[in-house]
Every structure is written in C-alpha cells, then in structure tokens.
Amino acid sequence: MTALLFAAFCVVLVLAAALIAIALADADARCGLRLALARKLPWLAPQAIVAGDSLAACCDFRPLASRPFGVVSLARGGATLPEIAGQLGRASGVEAGVVIVDGGLNDLLSHGASPERIARDFVALLTLMGPRDKVVFTLMPHVADSAYSRRIDRANELIGAICREKGVVALDLNPRLSVGGVRRPEMTDDGLHFTARANALWVEALRSLQKA
C-alpha cells in the first residue's frame with residue numbers, strides 16, 4: 001500500500017512540474033510540452049488539436065474543451081497548406097478527440113496557387129492523419145474582394161470532394177459569413193480576418209458538430 005501511495009505521489013509531482021513548465025514556457029514551447037506529455041500519458045491527450053493559418057491562430061477554441069488545457073493550437077499566421085502539414089507533423093502520435101484544420105487562403109491570395117494545386121497540397125496534408133483521427137476541415141471563407149470568389153469556390157469544390165472521399169468532415173462557413181461570394185462587413189475588420197462575431201459562429205458550428 002505504501003509503495004502504491006508513493007507511486008501516486010510521484011505521478012502527481014511529475015504532472016504538477018509539467019503543468020508549471022507549460023505555464024512558464026512560451027506558446028510554441030507550451031504546445032511541444034503538452035504534446036510530449038500526451039504521448040507519455042494518453043489519458044491527457046487534448047480534446048482538440050488545431051492546425052491552420054491566422055484565422056485559426058486568432059480564434060479562441062477553448063469552449064470546445066470540457067477541461068483546462070483541452071485544446072492545443074499549432075496554428076500560425078501566414079501558414080500555407082504545406083506549412084500546416086508541418087504543424088500536424090508536430091502532433092504525430094497524439095490521438096486527440098478531434099483535429100480542426102483550416103488553410104488555403106494564404107496559398108491562393110499570397111502565393112497565387114491554383115485551386116488544383118491547393119487540392120493536391122490538401123491531399124498531401126491528409127496523409128499525415130492517422131486512420132482513427134476525426135478531422136474537421138473548414139473550407140476557405142470568402143474575402144471582401146469579389147475578385148477571388150470564383151477561385152475560392154473552385155478550391156472549396158475540389159477540397160469538398162476530397163473530404164467526402166477520405167471521410168473528413170468539411171465545414172462550410174460561407175453561408176453564415178458571406179453573401180454572393182463576398183464576406184459580410186460585420187464578419188471582417190480588414191477584408192480577410194474574422195471579427196469576434198465570425199469567430200463565435202465558427203466555434204458554435206464546431207460545437208454543433210461535436211454534439212452530432
């Protein structure tokens with residue numbers, strides 16, 4: 001009995017030390033520590049892992065978790081789909097309740113990638129997912145400039161078909177965020193990023209998927 005109590009004390013001590021280290025580290029180091037801890041102790045695996053670009057990086061997904069430290073966000077501003085694949089690579093070996101991914105706008109807007117190229121990069125990204133991973137991919141939202149609407153719609157069409165083939169949930173926010181292929185003014189501050197209202201709609205849609 002004494003040995004069991006001592007072992008339990010050691011586990012609690014290690015967890016406490018890990019939590020302190022996480023709290024003191026910078027954001028990138030915190031993510032690494034939390035993922036490493038989840039690999040050693042699967043019962044501490046995050047309820048959600050987020051990978052993506054600035055849209056995801058600026059959204060608070062904590063309401064999706066029922067416990068502290070339940071969401072690990074690897075999203076970074078400016079990330080392209082290949083870079084988002086690298087984010088997912090960091091989470092290799094960690095079985096989260098759900099993996100939330102967004103991306104593609106930087107590829108299309110900043111790097112001039114064609115919808116077909118975006119679709120190929122999306123397929124490559126999916127190869128990093130395990131067979132038991134539940135993946136939700138948020139299709140690219142329209143932006144305030146209608147000049148990009150057709151290319152965004154085409155890329156989303158291709159990605160949606162891939163999602164259906166691969167068993168990935170495709171979340172389309174555009175019916176809530178845009179009209180006629182253009183982001184609604186109250187859903188963006190700068191034509192590209194989400195307002196707090198848009199972020200709330202995103203989290204609400206994800207929570208609805210959790211309950212389904």
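The values are calculated or read from the model by the stated rules, or taken from the named source; none is laboratory data. Because the structure is a prediction, the values reported are computed rather than measured. Virtual Cβ from ideal backbone geometry, glycine too; neighbours counted across all protein chains shown. Ligands, DNA and RNA are excluded from the accessible area calculation, which covers all protein heavy atoms including side chains. Shrake-Rupley method; radii C 1.70, N 1.55, O 1.52, S 1.80 Å.
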Residue match in segment 65-77 (condition: more than 18 Å from Leu206 (Cβ to Cβ) and at pLDDT 95 or above): yes
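Return the residue satisfying two criteria in turn: it lies in segment 39-63 and is part of a helix (DSSP H, G or I) and touching a helix residue (DSSP H, G or I) at 6+ places or on another chain (Cβ under 6 Å), and of such residues it is farthest from Gln210 (Cα to Cα).
First, the residues of segment 39-63 that are part of a helix (DSSP H, G or I): 39-40, 42-44, 54-57, 62-63.
Next cut, touching a helix residue (DSSP H, G or I) at 6+ places or on another chain (Cβ under 6 Å) only: 44, 63.
On the way: Leu44: 19, Pro63: 11 Å.
Checked segment 39-63; the qualifying residue farthest from Gln210 (Cα to Cα) is Leu44.
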Residue ID - nearest to Leu173 (Cα to Cα), chosen from residues in segment 114-146 that are exposed (fewer than 15 other Cβ atoms within 10 Å of the Cβ) and among the small types (Gly, Ala, Ser): Ser146
Checklist (1) exposed (fewer than 14 other Cβ atoms within 10 Å of the Cβ); (2) without any contact (Cβ under 8 Å) to a residue 60 or more places away in the chain; (3) at negative phi; (4) more than 13 Å from the chain's Cα centre (by Cα) applied to Pro63, failing item: (2)
Residue selected from segment 88-113 under the condition over 19 Å from Leu33 (Cα atoms), in contact (Cβ under 8 Å) with a residue 12 or more places away in the chain and not hydrophobic (A, V, I, L, M, F, W, C), by the criterion most open to solvent (accessible area, probe 1.4 Å): His111
Residue that is surrounded by the fewest Cβ atoms within 10 Å (Cβ to Cβ) [pool: residues in segment 38-60 that are aliphatic (A, V, I, L, M) and more than 11 Å from the chain's Cα centre (by Cα)]: Leu41
Single unsatisfied condition, Asp121 versus (1) closer than 18 Å to Ala75 by Cα; (2) among the acidic types (Asp, Glu); (3) more than 19 Å from the chain's Cα centre (by Cα): (3)
Among (1) open to solvent by 80 Å² or more (accessible area, probe 1.4 Å); (2) within 23 Å of Gly78 (Cα to Cα); (3) of a type in the set (Val, Ile, Thr) - the single one Val179 does not satisfy: (2)
Given (1) modelled with pLDDT of 95 or more; (2) open to solvent by 30 Å² or more (accessible area, probe 1.4 Å); (3) more than 22 Å from Ser54 (Cβ to Cβ), number of the condition Ile162 does not satisfy: (2)
